[in-house]
Amino acid sequence: MINLILCGGAGTRLWPLSRALMPKQFVKIFGEHSLFQRTVLTNNDFCSEQCIVSNAEQYFLAREQLQQVGAEKTSFMLEPIGRNTAPAIALACLGLPEDKIVLVSPSDHLIRNAQSYSKAVAKAAKLAGAGNLVTFGLKPTGPETGYGYIEADGERAKKFVEKPNLETAKKYVAAGNYYWNSGIFCFKAGVFLDELNKYAPAMLAACKTAREKAAMESSLVRIHHEDMAEIPADSIDYAVMEKSKKVSVVPCSIGWSDLGSFESLYNELPHDKNGNTEDEQHIAIDSKNNLVMGSNRQITTIDLNDMMVVDTADALLVAPLASSQKVKKLVETLKEKRPDLLHSPQTVIRPWGTYTVIYEYEHFKVKCISVNPGARISLQKHLYRSEHWVVVSGMATATVGDRTVYVSPNESIYISAGSIHRLQNEGKLPLVIVEVQVGQYTGEDDIIRVEDDYKRHE
């Protein structure tokens, strides 16, 4: 069985903790492993390999986190733009044998009960082997209005229903045969593709074309932007599961949460005796039942109850915990007023290392850049800014135009706007520099790549 991990979500409902370049599945909220890593490790027990479907921008982040947990036999399929879950699954299944059993897992969900989950997977694999499309139905722990439901008749799925109002949700829970829709699936690759062809033939045809034209590398498939854009966007539920007559349900209680809001995150984190989430940076005076998540700053609260305080290096969120669903509305406002705060956290992971924005103001920006041993940034130029590099530690190999210069600690080099340049670390220790950008525009999209070791096309 292969584990198909869907990894392209942005996790905007957990902003500012989650950003486009560091979505919630990669944030290490629960100790040493991210949700993505937990998904890989949990499914390693019954899956012999993984296929990661990821946004192209998140590929190197996913690859690094896989290396951290020693995951092997992993392949990638990279999407230049998202077209929802049905095309993502179809594109991956088109590269598999028809009788290969596929376990589809979201990368950003939490599963606490590994033993119950293992039993559910075993049952799902058996049903999938018999030609069924299997969905995991979660036994409700209460009348939740934030999830879709599945009505079951024994093991057969009778009906998929949208997120209900509270009264309807109470009726579903009382009926006993309604389950939360988990977004976890199991089926043979060929069975899914046959059903997709039956109910969404145009989507399958477009997926086949995109897959045939894709750039194929070792354990890596890159779909071209123009081909991905031609694929109709739809979820697996709408495209196939709600229409197919082959859908089975495995009811289960696996300690599941989709962590779709700060309120659900609060319920999963450990609390102190006053109901506040545990955080070493939080000092509470007469404060109860608060979600407090900080970075490096001291957080203090007085007479604060039932609130959420989420503090990152560049953004602070304070709101009643019960209003956590309104973060989605906040994100829509930020798209207009501060889209940069949705894109990346202060420290951004790149395939060659990291950069941290130390300070930014009109017409200039200061960064700390760390380049891994043996790595180098792309050969590039900027139209609107010049750069001044000061080496803090390590030895920099700087290419500027047709010159190659070696820059030692406490030395610097200047790169004028329009100059083709590259920074390289030929040493065995990390190279750390401070970069000062000056110009009319210092956005990250002012990069024209001439040559790139990592085949990025920004």
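Is there a residue in segment 86-93 that is surrounded by fewer than 24 Cβ atoms within 10 Å (Cβ to Cβ), assigned to a helix (DSSP H, G or I) and touching a Ser or Thr at 6+ places or on another chain (Cβ under 7 Å)? Checked against the condition, which is being surrounded by fewer than 24 Cβ atoms within 10 Å (Cβ to Cβ), assigned to a helix (DSSP H, G or I) and touching a Ser or Thr at 6+ places or on another chain (Cβ under 7 Å), segment 86-93 yields no hits at all.
Would you call ASN290 touching a Leu at 6+ places or on another chain (Cβ under 8 Å) and farther than 26 Å from SER116 by Cβ? In short, yes. Scanning segment 427-440 for residues that are over 18 Å from TYR355 (Cα atoms) and either basic (Lys, Arg) or surrounded by 14 or more Cβ atoms within 10 Å (Cβ to Cβ) (or both) turns up GLY427, LYS428, GLY439. Within segment 14-37, being surrounded by 22 or more Cβ atoms within 10 Å (Cβ to Cβ) and assigned to a helix (DSSP H, G or I) holds for LEU14, LYS24, GLN25, PHE26, LEU35, PHE36.
In segment 395-448, which residues are among the charged types (D, E, K, R) and either closer than 24 Å to SER344 by Cα or outside the structural domain of CYS368 (by TED's automatic domain parsing) (or both)? Break it down stepwise before answering.
Taking segment 395-448 first, the residues among the charged types (D, E, K, R) are 402-403, 411, 422, 426, 428, 435, 444-446.
Matches in segment 395-448: ARG422, GLU435, GLU444, ASP445, ASP446.
Among strands (runs of 3 or more DSSP E) entirely within segment 164-270, having at least 1 residues that are at positive phi singles out 178-188.
Looking only at residues of segment 364-386 that are within 13 Å of GLU444 (Cβ to Cβ) and touching a Gly at 6+ places or on another chain (Cβ under 6 Å), we find that the one that is surrounded by the most Cβ atoms within 10 Å (Cβ to Cβ) is ARG385.
As a summary of the residue check, HIS109 satisfies the conditions (1) buried (at least 23 other Cβ atoms within 10 Å of the Cβ); (2) within 22 Å of the chain's Cα centre (by Cα); (3) closer than 23 Å to THR42 by Cβ; (4) not hydrophobic (A, V, I, L, M, F, W, C) except for the one numbered (1). All but one of (1) surrounded by 18 or more Cβ atoms within 10 Å (Cβ to Cβ); (2) modelled with pLDDT of 95 or more; (3) not hydrophobic (A, V, I, L, M, F, W, C) hold for PRO345; state the number of the condition that does not hold. Condition not satisfied by PRO345: (2). Selection of segment 254-295 for residues being surrounded by 17 or more Cβ atoms within 10 Å (Cβ to Cβ), more than 30 Å from GLY137 (Cα to Cα) and hydrophobic (A, V, I, L, M, F, W, C) yields ALA284, VAL292, MET293.
The values are calculated or read from the model by the stated rules, or taken from the named source; none is laboratory data. Computed from a predicted model, the values in this text were never measured in an experiment. Heads up, the Cβs are rebuilt from the backbone with ideal geometry, glycines too, and the neighbour counts pull from every protein chain shown.
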